[in-house]
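Chemist: Encoded as structure tokens, here's the structure I'll be asking about.
The values are calculated or read from the model by the stated rules, or taken from the named source; none is laboratory data. Only a predicted model underlies this, so the values are computations on that prediction, with no experimental measurement involved. With ideal geometry, Cβ positions are generated from the backbone for all residues, glycine too; neighbour counts draw on all protein chains shown. For accessibility, only protein heavy atoms count, side chains too; no ligands or nucleic acids. Shrake-Rupley method; radii C 1.70, N 1.55, O 1.52, S 1.80 Å.
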Amino acid sequence: MTQPVSPPRDSTHKLPPVDRLPAFRGLLGHADVRTLSLLGVLAALVLIGGITRPDEFLDTRNLQLVLTQASVIGVVTVGMTFVITSGGIDLSVGAIVALSSVWATTVATQEFGFAGILFTAVLVGVGCGLVNGLLIAYGGMVPFIATLAMLASARGLALQITDGKTQIVGVTSLLDLGERDAYVLGVPPLVMVFAVVTVCGWLILNRTTFGRRTVAVGGNAEAARLAGIDVRRQRLYLYLLSGLCCGIAAFLLIVLSGSGQNTNGNLYELDAIAAAIIGGTLLTGGRGTITGSVLGVLIFTTITNIFALNNLQSDVQQIAKGAIIVAAVLVQRRTASTT
Amino acid sequence: MPEPMSRTSRRGLLLGAAAVSTGALLAGCTSNDSQDEEPAAGGQSATDDQPGKQVTIGFAGPQADHGWLNAINDNAKRRAKKYSDVTLEITEGSNDTAAQIGQIETLINKKVDVLVVLPADGKALTQVGLKAMRAGIPVVNLDRIFNSPQAYRCWIGGDNYGMGLNAGTYIGEKLKGKSDARVVELAGLDNLELTKQRTQGFDDALKNYPNIKKVARQAADFTVESGQAKMAQLLQAQSKFDALWNHDDDQGVGALRAVEQAGRDDFLMVGGAGALSAFQAIKQDNGVLKATVLYPPTMAASAIDLARALGQGKGVGGLAEYEIPTSVTLYSAVVDKDNIERYLPTGFR
């Protein structure tokens, strides 16, 4: 240290600004410039949608549609946010969604109806998460490798189970969940599940010891260990959590599409990582924001929606999506440096 | 202990994941050109059915990792079994180009009389096709076409352009009296050539009906999930249209879910490929799906017929030619309520 050690108010440690309205702070959580800029992007998109296709975009049904389409990937992203916050990565989310969905829709499982499908989907998701967690936390494998291996084998297993065939769900009580009749006060049940997962995720990350430990492990694993955190167990739980989210997402996808297919959840890993990063979660760990991740998902879904409403072709969509990721991260860098 | 990774390895990770996932996607979407289990192929064989000289046919296909390739293998095996004069040497399928080349070379070394090859990648396997032809073994190229006409004696496969053409014509005839009719297209994976061909055929057919305008086209991924997502958007974007052409029955499962969820029934839908679920929906006739355009389901069995004729030096029964043709493109028939019974047994799962 060449500089004199300055007392507590060290500028490198960004303490949350002292707020005069604690209740307001509690409501918005980490509603910093970053979150506000994301909200700005979303607002701009809504404006674009509203201008280009006012009749179709600014329609209750469209809002329901956008939120429903955000639900599946949104639930996955909440789990992913935890993993990335802890300095890890989960490349297997899409494959776990695929495996959970096909396992839950096999004929054998469908015999047990609604509950059987839900239980199987969640169980398979948690099971895959457990394997990931054990390999990473106790097997000492790098998350990238362990989850890449899970990606390959879960997809393979999904293919083996289905034989490449689409497993159509015949349980009508399950399918009814996706119908308009099941909406409560205009909110689709799938969106409610997404909302519950988001709120739980936010509470766990920001208001519990588990959340603080997650951030600590991601910030500096060694320091966390010295501070008495069981880093290994924490990591195990985190991948379990991600697997659980994948299982829930698989269930939502089954309700949505009425079937299980081994191609389900394709490229979810990249979408979830992109949404989390855009949201402001650090890929190097130590900082994570559920609000940001969910906003990231909503931004992506809204873009897709606007593209489809304006009948843009997929090549244009892909180029624009890439450009928006770059722009969002650049804007974030700017705003982050000004805080 | 797992350590935080460097930035470069993160990038590698993303690319790696993208590569693996894309592979999985492609493997999945090939299933769209799906075929059947060949129960209907009991009809007249393309060639003279009199037993002739013994023929050994080598069959090399890609890994049967989805329904269509399963059906292809099944078709080939069953057809070969029907002929007392045919011995089928079948290799274990592989999606690895190098491995498939090796398998074909083994068949060449075994000196089979005729080869039937469904390449995992037609372009990549052209060389080994040439090699077989030079070794004096005629090759029947199934569906995915070799790069050079010298690499095969006969090609047999489906007609993607014809699928679009026939779907467009069917819709055109149904909407004939209607002024300002609007149609919508739910295409397959846009980076596949076959998707472009299907769309081209569709557009060409619609040119014959000036009263019809294609108002929207969105591409899905040949998967149920993408079919549901894209169709939900299309339904939101187009509050009113008269007909929909969906390139693939598998993504059609998702598309039909979206239609159901949106509570729409104000248009007619035509599918593609010939899945059993689509056939059943057409038969029940209680939804928007009124027809589907086939990607001909019996090509593997026909390939065995042609290979046998090649081995025995025959032509095709009923034709004046002394030799089998150079190429056979199967017909993309439209299956609707009127002829569903005939095609129902060919539906694949």
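Chemist: Could you please find all residues in region A:206-239 being open to solvent by 40 Å² or more (accessible area, probe 1.4 Å) and within 22 Å of A:M150 (Cα to Cα)?
Modeler: Once the filter is applied, which keeps residues that are open to solvent by 40 Å² or more (accessible area, probe 1.4 Å) and within 22 Å of A:M150 (Cα to Cα), region A:206-239 yields A:R232, A:R233, A:Y237.
Chemist: Hey, another quick one. Let me confirm something: among A:I278, A:I273, A:I324, which residue is away from chain B (no Cβ under 13 Å), closer than 27 Å to A:A95 by Cβ and either buried (at least 23 other Cβ atoms within 10 Å of the Cβ) or among the polar types (S, T, N, Q) (or both)?
Modeler: Sole residue among the options that is away from chain B (no Cβ under 13 Å), closer than 27 Å to A:A95 by Cβ and either buried (at least 23 other Cβ atoms within 10 Å of the Cβ) or among the polar types (S, T, N, Q) (or both): A:I278.
Chemist: Still on this structure, I have one more. Six or more apart or on different chains, Cβ atoms under 8 Å: show the pairs whose first residue is in region A:51-67 and touching a residue at least 24 places away in the same chain (Cβ under 8 Å) and whose second is assigned to a loop (DSSP other than H, G, I, E, B) and open to solvent by less than 60 Å² (accessible area, probe 1.4 Å).
Modeler: Between residues of region A:51-67 that are touching a residue at least 24 places away in the same chain (Cβ under 8 Å) and residues that are assigned to a loop (DSSP other than H, G, I, E, B) and open to solvent by less than 60 Å² (accessible area, probe 1.4 Å), the close pairs are A:T52/A:N310; A:R53/A:N310; A:T60/A:G186; A:Q64/A:Y183; A:Q64/A:G186; A:Q64/A:P188; A:L67/A:P188.
Chemist: Taking region A:288-312 as the region of interest, how many residues are touching a Ser or Thr at 6+ places or on another chain (Cβ under 8 Å) and within 13 Å of chain B (Cβ to nearest Cβ)?
Modeler: Final tally of qualifying residues: 3.
Chemist: Looking only at region A:110-130, count how many residues are free of Cβ contacts under 8 Å to residues at least 40 places away in the same chain and surrounded by 22 or more Cβ atoms within 10 Å (Cβ to Cβ).
Modeler: Adding up the residues that qualify gives 1.
Chemist: Moving to a separate point now. I'm trying to understand the selection: among the residues of region A:133-146, which are facing another protein chain (nearest Cβ under 9 Å) and either surrounded by 21 or more Cβ atoms within 10 Å (Cβ to Cβ) or at positive phi (or both)?
Modeler: Within region A:133-146, A:I136, A:A137, A:G140, A:P143, A:F144, A:A146 qualify.
Chemist: Could we say that A:R180 is free of Cβ contacts under 8 Å to residues at least 24 places away in the same chain and more than 24 Å from the chain's Cα centre (by Cα) here?
Modeler: Yes; evaluated as a whole, the condition is true for this residue.
Chemist: Which of the numbered conditions does B:K196 fail, given that it passes all the others? Conditions: (1) at pLDDT 95 or above; (2) open to solvent by 40 Å² or more (accessible area, probe 1.4 Å); (3) in a helix (DSSP H, G or I).
Modeler: Tallying (1) at pLDDT 95 or above; (2) open to solvent by 40 Å² or more (accessible area, probe 1.4 Å); (3) in a helix (DSSP H, G or I), B:K196 fails exactly one: (1).
Chemist: Could you please let me know if B:I145 is among the hydrophobic types (A, V, I, L, M, F, W, C) and farther than 27 Å from A:S314 by Cα?
Modeler: No.
Chemist: In this structure, is A:V46 open to solvent by less than 20 Å² (accessible area, probe 1.4 Å) and either within 21 Å of A:A308 (Cβ to Cβ) or under 14 Å from the mean Cα position of the chain (by Cα) (or both)?
Modeler: no
Chemist: Go through region B:250-276 residue by residue and tally those that are within 16 Å of B:G287 (Cα to Cα), facing chain A (nearest Cβ under 9 Å) and not aliphatic (A, V, I, L, M).
Modeler: The total comes to 5.
Chemist: Here are B:I137, B:I156: which of them is in contact with an Asp or Glu (Cβ under 9 Å, 6 or more places away or on another chain) and surrounded by 24 or more Cβ atoms within 10 Å (Cβ to Cβ)?
Modeler: B:I156
Chemist: Within region B:201-214, how many residues are open to solvent by 30 Å² or more (accessible area, probe 1.4 Å) and either within 14 Å of chain A (Cβ to nearest Cβ) or under 28 Å from A:N305 (Cβ atoms) (or both)?
Modeler: Residues that pass the stated criteria total 3.
Chemist: OK, next. Looking at the structure I just gave you, is B:D285 under 21 Å from A:T172 (Cα atoms) and among the charged types (D, E, K, R)?
Modeler: So B:D285 passes the test.
Chemist: Just to verify a result, which residue in region A:248-270, among those that are at positive phi and open to solvent by less than 10 Å² (accessible area, probe 1.4 Å), is farthest from the other protein chains (Cβ to nearest Cβ)?
Modeler: Per the stated criteria, the residue is A:G265.
Chemist: Can you name the residue in region B:319-349 that is of a type outside the set (D, E) and without any contact (Cβ under 8 Å) to a residue 24 or more places away in the chain and is also least open to solvent (accessible area, probe 1.4 Å) among such residues?
Modeler: B:N339
Chemist: Yes or no: region A:138-154 includes at least one residue that is free of Cβ contacts under 8 Å to residues at least 24 places away in the same chain and touching a Gly at 6+ places or on another chain (Cβ under 8 Å).
Modeler: Yes, the conditions are met somewhere in region A:138-154.
Chemist: Go through region B:66-90 and give me each residue that's open to solvent by less than 30 Å² (accessible area, probe 1.4 Å) and not in a helix (DSSP H, G or I).
Modeler: B:H66, B:Y83, B:D85, B:V86
Chemist: Considering each of B:Q280, B:Q233 in turn, give the residue that is in contact (Cβ under 8 Å) with a residue 12 or more places away in the chain, over 23 Å from B:G172 (Cβ atoms) and either more than 9 Å from chain A (Cβ to nearest Cβ) or among the charged types (D, E, K, R) (or both).
Modeler: After ruling out the rest, the residue left standing is B:Q280.
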